[in-house]
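Chemist: Pasting in a structure now, in structure tokens, and then I'll have a few things to ask.
The values are calculated or read from the model by the stated rules, or taken from the named source; none is laboratory data. Worth saying up front: this structure is predicted, and the values here are computed from it rather than measured. All Cβ positions, glycine included, derive from the backbone under ideal geometry; neighbour counts span all protein chains shown.
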Amino acid sequence: MTELPATPPPSHTAPRLILASTSRYRRELLERLRLPFDTVSPEVDETPQPGEAPAVLARRLALAKAQAVTTRHPDAIVIGSDQVADVDGQPIGKPGTHERAVQQLRQMSGRRIVFQTALAVVRASTGFAEVRLAPVHVQFRTLSEAEIEFYLRLEQPYDCAGSAKCETLGIALLSAIESDDPTALIGLPLMRTCELLRSAGLDPLKANP
């Protein structure tokens, strides 16, 4: 009697992973997890709603970015993230221009500021959608006009919330950082990202064929 070959196990394809962002900072952070992923622009209006608190704004935008990309790629796991500087309860976003960056740093000089970094992971095929907030408390040094100008001319951090590019020379603006997720200030809290990816069915520490 001829022995039949064993039936091969069913193949499982890992879900596509998409970062709903064109930020190179978030892309470089997500690359640390060594998961293949694509980047897609979410094309979401980031204008705060009247009276919207910084933490609420960050959470809303992170989820909106993930959901916007999910509508175009419903079979993927989509990561959305947003960061808003919280100054006395008022949201401070990306400066966009040199003049606005100067104003932001003057406003934050010598102050303790909270950077509200929000993360959303959405997987439409399973109905998974979760949002996490990773607040980072930052103490700014008292900055002189010359220091502000020198920093801005070198770094041009006009695409960074609050003009604080802490992964490079921006660290010299600060005297203390308090956070339970070390990469949150750069723009993507990786420990929370791993947590939500596992919950969505994609574990960075397991082989995903």
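Table: residues versus (1) of a type in the set (S, T, N, Q); (2) in contact with a strand residue (DSSP E or B) (Cβ under 7 Å, 6 or more places away or on another chain); (3) modelled with pLDDT of 95 or more.
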residue	(1), (2), (3)
Ser23	yes, no, no
Leu30	no, yes, yes
Asp38	no, yes, yes
Thr47	yes, no, no
Gly51	no, no, no
Gln67	yes, yes, yes
Thr71	yes, no, yes
Ile92	no, yes, no
His98	no, no, yes
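Chemist: Does Ala55 count as of a type in the set (Gly, Ala, Ser), within 20 Å of Phe128 (Cβ to Cβ), at pLDDT 95 or above and not in a loop (DSSP other than H, G, I, E, B)?
Modeler: When the stated conditions are applied, Ala55 does not pass them.
Chemist: Take Leu63 and tell me if it is in contact (Cβ under 8 Å) with a residue 24 or more places away in the chain, touching a Gly at 6+ places or on another chain (Cβ under 8 Å) and part of a helix (DSSP H, G or I).
Modeler: yes
Chemist: Outside any loop (DSSP other than H, G, I, E, B), in contact with a Ser or Thr (Cβ under 9 Å, 6 or more places away or on another chain) and touching a residue at least 24 places away in the same chain (Cβ under 8 Å): does that describe Ile79?
Modeler: Taking the combined requirement at face value, the residue satisfies it.
Chemist: Please go through region 41-70 and pick out each residue that is surrounded by 17 or more Cβ atoms within 10 Å (Cβ to Cβ) and within 14 Å of the chain's Cα centre (by Cα).
Modeler: Selection gives Pro42, Ala55, Leu57, Ala58, Arg59, Arg60, Leu61, Ala62, Leu63, Ala64, Lys65, Ala66.
Chemist: Got a sec? Which strands (runs of 3 or more DSSP E) wholly within region 87-189 have at least 2 residues that are touching a residue at least 40 places away in the same chain (Cβ under 8 Å) and buried (at least 16 other Cβ atoms within 10 Å of the Cβ)?
Modeler: 90-92, 112-123, 128-140
Chemist: Using the structure shown, decide if Val84 is crowded, with 16+ Cβ neighbours inside 10 Å, among the hydrophobic types (A, V, I, L, M, F, W, C) and modelled with pLDDT of 95 or more.
Modeler: It is false that Val84 is crowded, with 16+ Cβ neighbours inside 10 Å, among the hydrophobic types (A, V, I, L, M, F, W, C) and modelled with pLDDT of 95 or more.
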